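The values are calculated or read from the model by the stated rules, or taken from the named source; none is laboratory data. Just so you know, these numbers come straight off a predicted model, no measurement behind them. FYI the Cβ positions are ideal-geometry reconstructions off the backbone, even for glycines, and counts take in every protein chain you see.
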Amino acid sequence: MHFWKKGLVILVGSIFIALGINLFLIPYKVLDGGIIGIALILNYLWGLKPGLMIICFSIPVFMIAWFNYREYFYNSLHGMIISSFLIDLLQPLVGFIHIQSIYSSILGGTFVGVGIGLMLRFKTSTGGTDLVAQLLSDKTGINVGILIFIIDSIVVLSGGLLLSTDTLLLSIITIFFVGVTTSLITKNVRAF
C-alpha cells in the first residue's frame, strides 16, 4: 500500500509542477529557480524542451546521491522522471489561461510549491536542487523551503540578467511563493 501511496503523491505533485510551469510561468517567460529555472532559461533562449533539460542537468546531482545518499537517489528518481515527462507532455497547455502576469507568477509559484511540498512531505522529490536543498536541510536543520528559496534566488538572478527586468521581477514573486508554499506544506516534517 505504501508503494501506491507514494506513486500517487509523485503523480499528483508532478501534475501540479507541470501545470504551474506550463499554464503560468512559460506564457510570461517567468523563471522558477534551481534546475527547473535553468531548464526554463534554455527553453526561452533556444527553445529546448524544459523536461528533457531537467533530466540532463539532474544527472550530476543524482550521481552524487547514488554514491553518498542512496535513499535520496531512489526516493527522487521517479519524481524527477515523471515531473520532467509531464512538463514536456503538457506543454501544449502553454497560453491556455490568460491572466495578468503578476497573478500568473503567484499561481505558478503556488502550484510548483504544492507539487514540491507534497513530494517532500511523502519522502520523495523531483531531485535537482530540491534534492540538494533536502540534503543541506538534513545537515543544517534549516527548513528545506528556505534553502530552496536561496538556491532559486541565485538561478533567477542569473536568468533575469540574461532575459529581462520583467522576467526578473516576476520570477522573484514566483520563487517567493514556491518557497512559502513548500515551507508550509513541509513544516515540521523531515522528508527523508
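I want to confirm something. Restricting to region 59-96 and keeping residues that are assigned to a helix (DSSP H, G or I) and hydroxyl-bearing (Ser, Thr, Tyr), which single residue is modelled with the lowest pLDDT? In this case the residue turns out to be Tyr72. Sub-6 Å Cβ pairs linking a first residue in region 11-29 that is touching a residue at least 12 places away in the same chain (Cβ under 8 Å) to a second residue that is of a type outside the set (Phe, Trp, Tyr) and not in a helix (DSSP H, G or I), at least 6 apart or interchain, are Ala18/Leu90; Asn22/Leu90; Asn22/Val94; Leu23/Ile97; Ile26/Val94; Pro27/Val94; Pro27/Gly95, ordered by first then second residue. For first residues located in region 73-101 and in contact (Cβ under 8 Å) with a residue 40 or more places away in the chain, partners that are among the polar types (S, T, N, Q) and assigned to a helix (DSSP H, G or I) and lie 6+ apart or on another chain with Cβ distances below 6 Å form the pairs Met80/Ser58; Ile82/Ser14; Ser83/Ser14; Leu86/Ser14; Leu90/Asn22; Gln91/Asn22; Leu93/Asn22; Val94/Asn22. Summed over region 17-47, the residues that are assigned to a helix (DSSP H, G or I) and under 10 Å from the mean Cα position of the chain (by Cα) give a count of 8.
Figure legend. Inter-residue proximity from region 145-164: first residues in a loop (DSSP other than H, G, I, E, B), second residues charged (D, E, K, R), beta-carbon distance below 9 Å, spacing 6+ or different chains. Indicated pairs: Leu163/Lys29; Ser164/Lys29.
Output the residues belonging to region 49-89 that are small (Gly, Ala, Ser) and more than 13 Å from Ser14 (Cα to Cα).
Taking region 49-89 first, the residues small (Gly, Ala, Ser) are 51, 58, 65, 76, 79, 83-84.
Those that are small (Gly, Ala, Ser) and more than 13 Å from Ser14 (Cα to Cα): Ser58, Ala65.
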